[in-house]
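Novice: This is the structure I want to talk about, given as structure tokens.
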Amino acid sequence: MVPGAVSPKDKLKLVTEKISSLPTLPKVISEITSLMQNPRTSAEEVGRAITMDQSLASKVLRLVNSAFYGFPGRVNTITHAIVILGFNTVKNIVLTASVFDKLGGKGQCGTFDLEKFWLHSIATGVIAKEIAKKVNFRSSEESFLAGLLHDIGKVILFKFLNEEFVQVQQQLEKEPSLFIDAEIKSIGITHNEIGSWLATKWNLPDDLSSAILYHHTPVLATKHRTMVYAVHAADILARSLCIGAPGDKKIPVFSSDVWDDLKFSRQLIDKIYRDIEYELEKSAIFFQIM
Ligand SMILES: [Fe+2]
Ligand SMILES: [Fe+2]
């Protein structure tokens, strides 16, 4: 490193210290997590914890009853949802609802459009889940969440670090490139680093944090590789289908390690494209709860 230069870690600290009003995840997420660690916890107890936050609980029920999740029968209470879907699924849905509640919405800065950004993120989640299913990876629900959150650092830049966000936009205008390359050139810190910092702050599971940090450099991941690889591939497939807009116009190079490891082929990609079509139609519900 050049003497006197700021290390990437210090840069992250400098940048994130500027965020004074970072949204926190509702207390209910950490409550459910600790309740779930106790094998004697009942569905009623968890249901009560979630229902304490009425607005969140109603969003969770809208998701549970949506075509996207497609659970049979009408679910009227959170407790009922837990009984039929299990703690883990409900926790993932609560997390999804909270993210849209805290960081969803509309907005624009330069060529960046928040609604189109979320469409890219939802598509990445849907494709990551489909890839997980195709390779028999058991965490397919978590893969959806990892895809949904992979670029969350861009939202943090957009909503809370406007000065830095504008610098990235100016760099992209000057020289069209991947968002991450523009970040490195203009502000010296990337959305992956900011996103994984947020994931740690929010106490999100380690696999989600790894997928956020390594989706552009999958071979650097030392753990949770399948999740990281699925998200890396899903981001690229969502971009090549032009679903939504991630904030740049280039498509990253598909890592050959990921291609080989997940046993990708042209036929598999075509099958994924076919199988996600209906899933994407059903994902309109997310825009209704934002
Ligand atoms: Fe990214
Ligand atoms: Fe992306």
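The values are calculated or read from the model by the stated rules, or taken from the named source; none is laboratory data. Keep in mind that what you see is a predicted model, and the values were worked out from it rather than measured. Glycine gets a Cβ as well: all are built from the backbone with ideal geometry, and neighbour counts include every protein chain shown.
Novice: Going residue by residue through the stretch 28-38, is there one that turns out to be assigned to a loop (DSSP other than H, G, I, E, B), among the β-branched types (V, I, T) and not assigned by TED's automatic domain parsing to the domain that holds E141?
Specialist: For the stretch 28-38, residues assigned to a loop (DSSP other than H, G, I, E, B), among the β-branched types (V, I, T) and not assigned by TED's automatic domain parsing to the domain that holds E141: absent.
Novice: Within the stretch 22-40, take every residue that is among the hydroxyl-bearing types (S, T, Y) and in contact (Cβ under 8 Å) with a residue 24 or more places away in the chain and give me the one that is nearest to V155 (Cα to Cα).
Specialist: Here the residue is T24.
Novice: Can you spot a residue in the stretch 50-72 that is of a type in the set (K, R), surrounded by fewer than 16 Cβ atoms within 10 Å (Cβ to Cβ) and under 19 Å from the mean Cα position of the chain (by Cα)?
Specialist: No.
Novice: Sticking with this structure for a sec: Determine whether the stretch 163-186 contains at least one residue that is away from ligand 1 (no atom under 11 Å from the Cβ), buried (at least 20 other Cβ atoms within 10 Å of the Cβ), more than 21 Å from H120 (Cα to Cα) and modelled with pLDDT under 95.
Specialist: Yes: one or more hits.
Novice: Just to verify a result, which residue in the stretch 95-153, among those that are β-branched (V, I, T) and either in contact with a Cys (Cβ under 8 Å, 6 or more places away or on another chain) or at pLDDT below 95 (or both), is nearest to T200 (Cα to Cα)?
Specialist: Looking at residues that are β-branched (V, I, T) and either in contact with a Cys (Cβ under 8 Å, 6 or more places away or on another chain) or at pLDDT below 95 (or both), I get V99.
Novice: Would you check if there is a residue in the stretch 65-77 being out of contact with any Asp or Glu (no Cβ under 6 Å at 6 or more places or on another chain), part of a helix (DSSP H, G or I) and not assigned by TED's automatic domain parsing to the domain that holds K129?
Specialist: No.
Novice: Looking at K59, is it farther than 26 Å from E279 by Cβ and among the basic types (K, R)?
Specialist: The answer is no for K59.
Novice: Which one is nearest to ligand 2 (Cβ to nearest atom) among residues in the stretch 111-138 that are surrounded by fewer than 18 Cβ atoms within 10 Å (Cβ to Cβ) and in a helix (DSSP H, G or I)?
Specialist: K116
Novice: Right, here's the next one. Listed residues L237, L262; which is more than 16 Å from ligand 1 (Cβ to nearest atom) and either in contact with a Ser or Thr (Cβ under 6 Å, 6 or more places away or on another chain) or not assigned by TED's automatic domain parsing to the domain that holds S30 (or both)?
Specialist: L262
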